[in-house]
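Data first, discussion second: the structure below is written as structure tokens.
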Amino acid sequence: MRMSTGAAPFCAAAAFAFAASWLAFRAAGVARERLPASQWIWFLLVALGCFYIGGEEISWGQQLVHWKTPAAIDVLNRQHETNLHNMSTWFNEKPRILVELGVLVGGVLMPMNRLLRGRRLSRHDGFAYWLWPTNELLLTGLLAILVLVPKRYEQSAGVPLLPVNVRWSELQEYYFALFLWLYAWSALRRLRTV
């Protein structure tokens, strides 16, 4: 049995990604006034990355408006959608690996390390204070990483866990977008306290 997901997961992940992009652009603006260029540019890159994620998640509007894929894109896109991530691993797997590693290191391992040592990020940490996600993002980071455990189990054991086909990677994309939104909000909040 295949579970129909409809537009809701696409829209939720895209909404968080676009909101994260907006917050990160605002953080870049605040950081530009308070941090060296080499540091505020980070937030600009996060904003652009989140905008790309949001746009790709809804196939740049096609998932909402349902237009026909232009012929030039249709022949290149394996799912016949108006997006880049179904054309090449350079637009899908490689950016996804970067996000997954970023969430694993910055959202799980670093906060766990700080919590085990009884530390929080502070202004005395220099750029690390602005760069790293706070300890409060640990749960969302864990969910984003661990949500694929059932999929990996199903692939290795060859046994489905549920009587319906769950698109685990779509759920992971939702948690990535939620994580990025929380990260951008947290960074903007910290930047405004200086």
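Note on segment 45-77: residues that are of a type outside the set (A, V, I, L, M, F, W, C) and not in a helix (DSSP H, G or I) total 5. Here the condition is being charged (D, E, K, R) and in contact (Cβ under 8 Å) with a residue 40 or more places away in the chain; of Glu100, Glu93, it holds for Glu100 alone. Applying the set (1) touching a residue at least 40 places away in the same chain (Cβ under 8 Å); (2) open to solvent by less than 90 Å² (accessible area, probe 1.4 Å); (3) out of contact with any Phe, Trp or Tyr (no Cβ under 6 Å at 6 or more places or on another chain) to Ile58 leaves exactly one unmet item: (3).
Answer yes if at least one residue in segment 30-53 is within 30 Å of Pro160 (Cα to Cα), modelled with pLDDT of 90 or more and buried (at least 17 other Cβ atoms within 10 Å of the Cβ), and no otherwise. Write out each step before concluding.
To start, the set of residues in segment 30-53 that are within 30 Å of Pro160 (Cα to Cα) comprises 53.
From the residues that got through so far, the ones that are modelled with pLDDT of 90 or more too are 53.
Subset that is buried (at least 17 other Cβ atoms within 10 Å of the Cβ): 53.
Yes.
Applying the set (1) under 16 Å from Ser186 (Cβ atoms); (2) touching a residue at least 12 places away in the same chain (Cβ under 8 Å) to Asp125 leaves exactly one unmet item: (2).
Look at segment 77-132 and say how many of its residues are at positive phi and touching a helix residue (DSSP H, G or I) at 6+ places or on another chain (Cβ under 6 Å). It would help to see each step written out before you state the result.
Kept after step one, since they are at positive phi, are these residues of segment 77-132: 80, 118, 126.
Still in the running and touching a helix residue (DSSP H, G or I) at 6+ places or on another chain (Cβ under 6 Å): 80.
Number satisfying all stated conditions: 1.
Of the residues Glu93, Glu56, the single one that is in contact with a His (Cβ under 8 Å, 6 or more places away or on another chain), under 20 Å from Tyr175 (Cβ atoms) and modelled with pLDDT of 80 or more is Glu56.
The values are calculated or read from the model by the stated rules, or taken from the named source; none is laboratory data. These numbers were taken from a predicted model, which means no experiment stands behind them. Counting neighbours? That spans all protein chains shown, and the Cβs are built from the backbone with ideal geometry, glycine included. Areas reflect the complete protein model, heavy atoms only, side chains present, ligands, DNA and RNA absent. Shrake-Rupley method; radii C 1.70, N 1.55, O 1.52, S 1.80 Å.
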